[in-house]
Amino acid sequence: MAVNKDAASKILELVPEEYIKRIPVFVRAHATGKTVEKIAAEHPDLFAIAEQEGPLTGEAKEQLSAIVNGIFEQKMAKHNL
C-alpha cells in the first residue's frame, strides 16, 4: 500500500526520537512504514487530515499521537526493545 509521504512524515514527527532510535537501523524503514500503513487502513479519517496541507493541529494531532505512540509501545514491548 502506497501512502502519502508528507502525511507519513507528519505522523512520524509525533513519535519521540528515543522510540525511533531504539528500532534497529536495518528494519527502521519497514517498521515505520508499516505503522503508517496500519494507521491509514484503520483510521482513514485521521489519515485524510494528515494528508491535507499544513501542520497537524488540535484534536487530530492528539488522536494521531496517541495512536502512533501506542502502536510503537506495543511493538517495542513485543520485541523487547
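Any read-out appearing in this document is the output of simple, stated calculations on the displayed coordinates, not a laboratory observation. Just so it is clear, the structure is predicted and the values come from calculations on it, not from any experiment. Positions of Cβ are backbone-derived with ideal geometry, glycine not excepted, and every protein chain shown enters the neighbour counts.
Approximating the spin labels as points 7 Å out from Cα along Cα→Cβ, the Thr57-to-Lys34 distance works out to 3.6 nm. Taken over the chain, lysine pairs spaced eight or more positions apart, or on distinct chains, with alpha carbons under 18 Å apart number 15.
Residue by residue, region 25-36 carries 3J(HN,Hα) couplings of 4, 6, 10, 4, 5, 5, 5, 6, x, 5, 5, 5 Hz when phi is fed to the Karplus relation 6.51 cos²θ - 1.76 cosθ + 1.60 (θ = phi - 60°); x denotes Gly or Pro.
Computed from backbone phi with θ = phi - 60° and the Karplus coefficients 6.51, -1.76 and 1.60, the 3J(HN,Hα) list for region 5-14 is 5, 5, 5, 4, 5, 4, 5, 5, 5, 7 Hz; x is used for glycine and proline. From its DSSP helices (H runs of at least four residues, each -39,500 (n - 2.57)), the chain gives a residue-normalised ellipticity at 222 nm of -23500 deg cm²/dmol. All Cα-Cα separations within region 5-78 were binned at 5 Å from zero, giving a P(r) of 3, 16, 31, 27, 15, 7, 1, each value a whole percent of the pairs.
Computed from backbone phi, the HN-Hα couplings of region 51-56 come to 6, 5, 5, x, x, 6 Hz, rounded to whole numbers (Karplus: 6.51 cos²θ - 1.76 cosθ + 1.60, θ = phi - 60°; Gly and Pro given as x). Over the chain, what is the relative contact order in percent, taking alpha-carbon pairs closer than 8 angstrom and at least six residues apart? Computed over the chain, the figure is 45 percent.
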